[in-house]
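Working notes, structure below.
A short reminder: the numbers here are calculations on the coordinates, not readings from a lab. What you see is a predicted model, and the numbers here were worked out from it, not measured in a lab. Methodologically, a virtual Cβ is constructed for each residue, glycine included, from the backbone with ideal geometry; neighbour enumeration extends over all protein chains shown.
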Amino acid sequence: MMRALSTSLAAAFRRMALPLSAYYFVTLGLPLLNGADWTGTVFIRHASVVLALPPAGIAVACAAWSLLRLAARIGDHLRPRGFILQRLQHITPGKLPALAAHVKVHPRHLAD
């Protein structure tokens, strides 16, 4: 699972390279080009949030997607495929009364 996660994470960062670079240029490059005080604490705090949150968001989204895919795969393996259908295909109408004799119904279900 870790290899699949790292592969999907690398692919996500490759897909997001152009949008992220445009985002970084607009949010960091343009203010610097317009004369923003890059030594001030406000800009440093802004830059750290801008630089940290998008990669963290991409990593969280990839991890969540990998966990959802893993849960779906586990669910597919645990679910008996066609088990009920296979059991019903082998029952002939003559066997139904004999099978019904083995069914136990709780008295609570009979009272309405």
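So, in the stretch 11-24, how many residues would count as being surrounded by 11 or more Cβ atoms within 10 Å (Cβ to Cβ) and in a helix (DSSP H, G or I)?
Summing the residues that are surrounded by 11 or more Cβ atoms within 10 Å (Cβ to Cβ) and in a helix (DSSP H, G or I) in the stretch 11-24 gives 9.
From the set of residues in the stretch 4-24 that are touching a helix residue (DSSP H, G or I) at 6+ places or on another chain (Cβ under 8 Å) and free of Cβ contacts under 8 Å to residues at least 40 places away in the same chain, which is nearest to Gly57 (Cα to Cα)?
Leu20
Could you check how many residues of the stretch 1-44 are closer than 29 Å to Ala71 by Cβ and among the polar types (S, T, N, Q)?
Going through the stretch 1-44 one residue at a time, the tally reaches 3.
Going by what's in this entry, would Thr27 be described as free of Cβ contacts under 8 Å to residues at least 40 places away in the same chain and either surrounded by 14 or more Cβ atoms within 10 Å (Cβ to Cβ) or under 14 Å from Ser6 (Cα atoms) (or both)?
yes
Within the stretch 38-52, identify whether any single residue is under 17 Å from Ala10 (Cβ atoms) and among the hydroxyl-bearing types (Ser, Thr, Tyr), and answer yes or no. Step through it out loud before you land on a result.
Let us first name the residues in the stretch 38-52 that are under 17 Å from Ala10 (Cβ atoms), namely none.
Within the stretch 38-52, none of the residues are under 17 Å from Ala10 (Cβ atoms) and among the hydroxyl-bearing types (Ser, Thr, Tyr).
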